[in-house]
Amino acid sequence: MDLVLRDRVEPADVDAIKDILESTGFFFPDEVAVGQELASEHLAKGEASGYLFLFALQGGRPAAYTCYGPIPGTDGRFDIYWIAVKSELRGQGLGRRLLAETEARIRSLGARLVYAETSGREQYAPTRAFYERAGYKVAAVLPEFYRDGEDKVIYVKDLAARPGETERS
């Protein structure tokens, strides 16, 4: 698949985000609503919202996206709030390519460390493996964070580290 990227958020993206997130089967309805709210916030306030987006388009429509932004009160630290790929396109390298481009954009904004969080549920084992293959390290596990039986796993990656170095070497 040719990767066409767009970082401008358009009003139709709010519904496209819902379609992407629902297609995965991973997210609860309240989580899908949060994903949509972040895009709406960006539409209302632009970069002042603190939420930046990168969409991968297929046939001119979003097929995958990331939402990321600087962490308030930090120096050169960013969060990746969302990364999601339509279920029928998973396993084709789209998420890996989108993550790499998102990291490049974060790096160009002067960031050094980037954080990503995900669920500890068994369903999310492929997501955790995805981050680990991309060079992220587990920074913390918060037990029972999301709900009973569901931990929060926080990953970190040092964007300044050369391959083979650890994030704090």
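Scanning the stretch 86-121 for residues that are at pLDDT 95 or above and acidic (Asp, Glu) returns Glu101, Glu103, Glu117. Among the residues making up the stretch 59-70, those that are more than 11 Å from the chain's Cα centre (by Cα) and either crowded, with 16+ Cβ neighbours inside 10 Å or within 17 Å of Thr127 (Cβ to Cβ) (or both) are Pro62, Ala63, Pro70. Identify, please: which residue in the stretch 120-144 is outside any loop (DSSP other than H, G, I, E, B) and of a type in the set (Gly, Ala, Ser) and is, among those, surrounded by the most Cβ atoms within 10 Å (Cβ to Cβ)? Ranking the qualifying residues of the stretch 120-144, first place goes to Ala139. For Thr74, indicate whether it is of a type outside the set (A, V, I, L, M) and touching a Phe, Trp or Tyr at 6+ places or on another chain (Cβ under 9 Å). Taking the combined requirement at face value, the residue does not satisfy it. Residue pairs whose Cβ atoms lie under 8 Å apart, separated by 6 or more positions or on different chains, with the first residue in the stretch 148-169 and assigned by TED's automatic domain parsing to the domain that holds Arg107 and at pLDDT below 95 and the second basic (Lys, Arg) and part of a strand (DSSP E or B), do not occur. Does the stretch 86-105 include one or more residues that are assigned by TED's automatic domain parsing to the domain that holds Ala12, under 17 Å from Pro11 (Cβ atoms), out of contact with any Phe, Trp or Tyr (no Cβ under 8 Å at 6 or more places or on another chain) and loosely packed, with under 13 Cβ neighbours inside 10 Å? No. Could you tell me how many of the residues in the stretch 11-48 are under 22 Å from Ile106 (Cβ atoms), without any contact (Cβ under 8 Å) to a residue 40 or more places away in the chain and in contact with a helix residue (DSSP H, G or I) (Cβ under 8 Å, 6 or more places away or on another chain)? So the answer is 4. Does Thr74 satisfy the condition of being crowded, with 19+ Cβ neighbours inside 10 Å, assigned by TED's automatic domain parsing to the domain that holds Thr24 and on the phi < 0 side of the Ramachandran plot? Spelling it out, it is not the case that Thr74 is crowded, with 19+ Cβ neighbours inside 10 Å, assigned by TED's automatic domain parsing to the domain that holds Thr24 and on the phi < 0 side of the Ramachandran plot.
The values are calculated or read from the model by the stated rules, or taken from the named source; none is laboratory data. Values in this document were obtained by computation on a predicted structure and should not be read as measured data. Quick reminder, even Gly has a Cβ in these numbers, built from the backbone with ideal geometry, and neighbours come from all protein chains shown.
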